[in-house]
């Protein structure tokens, strides 16, 4: 496991940030930042880029105040350093049209709430394998 | 025009969504034990999550109400640390629960063509708070039981007048 990967978890609800960060920590990821809304996420993404240490993986809710998950996604995809960064939408908006919209906008995967800890662990494992975020 | 959904059908979908969400997130069963028309004015619980259910032809509310001890005990188990008061973590968790439950119910209802819109939940704190002061339609209250105690879920949906149809 590449513990040095940097992860950003974005959700306006602490409960979901807790579930995700707990699951990530159980996978050995320790470098995790949180954002409580879309604008905070955009600021953190931009600051990390300026500091030369961009995030390697983003988990983001859809329905948030200040800026939505889609706006955060769009921001990432126009930034050269984040254009290919794995971006996972984590949301209660589960209808197929929402999933399609997220994928067309550039999301790499989609996690639907509610998710059991076991299913979340499997999903994270798949994402880490797919994007080669494990140790070389 | 979206399909019209009866109040009982909304309550059924919400009831299923409540148990599914509790099972997934907390590994706790939340089973509906009663369902009646709500004729009172004030909610008896201490904290409620509220979300607007809105479609072209109808609008209403979904309200999930918890007594303080029950929600604190449930979230103490979830977070692995004790909660004894309705602090921001507890209150926001109520909001998220409401958000997730609505999402689960909405997905099923929308797959049937009812086109309910997205909504951000609100939270009201305080014993015997008012929620339905401006709603004139029928309100259903469902009582749920869990190993941590009971809580209530309210649903209401009223057809819009022709002049009020959403765009």
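Criterion first (over 26 Å from residue A:22 (Cβ atoms), surrounded by fewer than 14 Cβ atoms within 10 Å (Cβ to Cβ) and either touching a helix residue (DSSP H, G or I) at 6+ places or on another chain (Cβ under 7 Å) or free of Cβ contacts under 8 Å to residues at least 24 places away in the same chain (or both)) does residue B:133 satisfy it? Criteria not met by residue B:133. Just for segment A:53-70: of the residues that are touching a strand residue (DSSP E or B) at 6+ places or on another chain (Cβ under 9 Å) and away from chain B (no Cβ under 14 Å), which one is farthest from residue A:10 (Cα to Cα)? Per the criteria, the residue is A:56.
Are any of the residues in segment A:15-35 crowded, with 16+ Cβ neighbours inside 10 Å, over 23 Å from residue A:128 (Cβ atoms) and in contact (Cβ under 8 Å) with a residue 12 or more places away in the chain? Among the residues of segment A:15-35, not one is crowded, with 16+ Cβ neighbours inside 10 Å, over 23 Å from residue A:128 (Cβ atoms) and in contact (Cβ under 8 Å) with a residue 12 or more places away in the chain, which makes the answer no. Against the numbered list (1) away from chain A (no Cβ under 14 Å); (2) surrounded by 14 or more Cβ atoms within 10 Å (Cβ to Cβ); (3) at positive phi; (4) out of contact with any helix residue (DSSP H, G or I) (no Cβ under 6 Å at 6 or more places or on another chain), residue B:126 comes up short only at (2).
Taking the listed residues B:90, B:108, the one that is within 11 Å of chain A (Cβ to nearest Cβ), part of a helix (DSSP H, G or I) and closer than 18 Å to residue B:10 by Cβ is B:108, with no other qualifying.
Got a number for residues in segment B:111-123 being surrounded by 14 or more Cβ atoms within 10 Å (Cβ to Cβ) and either touching a strand residue (DSSP E or B) at 6+ places or on another chain (Cβ under 9 Å) or closer than 22 Å to residue B:94 by Cβ (or both)? Number satisfying all stated conditions: 7. Restricting attention to segment A:71-95 and to residues that are assigned to a loop (DSSP other than H, G, I, E, B) and buried (at least 17 other Cβ atoms within 10 Å of the Cβ), the residue that is nearest to the other protein chains (Cβ to nearest Cβ) turns out to be A:92. For segment A:114-125, the condition holds for at least one residue, the condition being that it is buried (at least 16 other Cβ atoms within 10 Å of the Cβ), more than 14 Å from chain B (Cβ to nearest Cβ) and part of a helix (DSSP H, G or I).
Out of (1) more than 10 Å from chain A (Cβ to nearest Cβ); (2) buried (at least 17 other Cβ atoms within 10 Å of the Cβ); (3) not in a loop (DSSP other than H, G, I, E, B), the odd one out for residue B:77 is which? Residue B:77 satisfies every listed condition except (2).
Looking across B:50, B:101, one residue alone is touching a residue at least 24 places away in the same chain (Cβ under 8 Å), more than 10 Å from chain A (Cβ to nearest Cβ) and either part of a helix (DSSP H, G or I) or surrounded by 17 or more Cβ atoms within 10 Å (Cβ to Cβ) (or both). It is B:50. Say we look at segment B:1-44 and pick out the residues that are surrounded by 15 or more Cβ atoms within 10 Å (Cβ to Cβ) and within 14 Å of residue B:139 (Cβ to Cβ); which of these is farthest from the other protein chains (Cβ to nearest Cβ)? Per the stated criteria, the residue is B:38.
Taken together, the values in this text are just the output of simple stated rules run on the coordinates, not laboratory data. On a predicted model such as this, the values are computed, not experimentally measured, just so you know. Please note: Cβ atoms are built from the backbone with ideal geometry, for glycine as well, and neighbour counts cover all protein chains shown.
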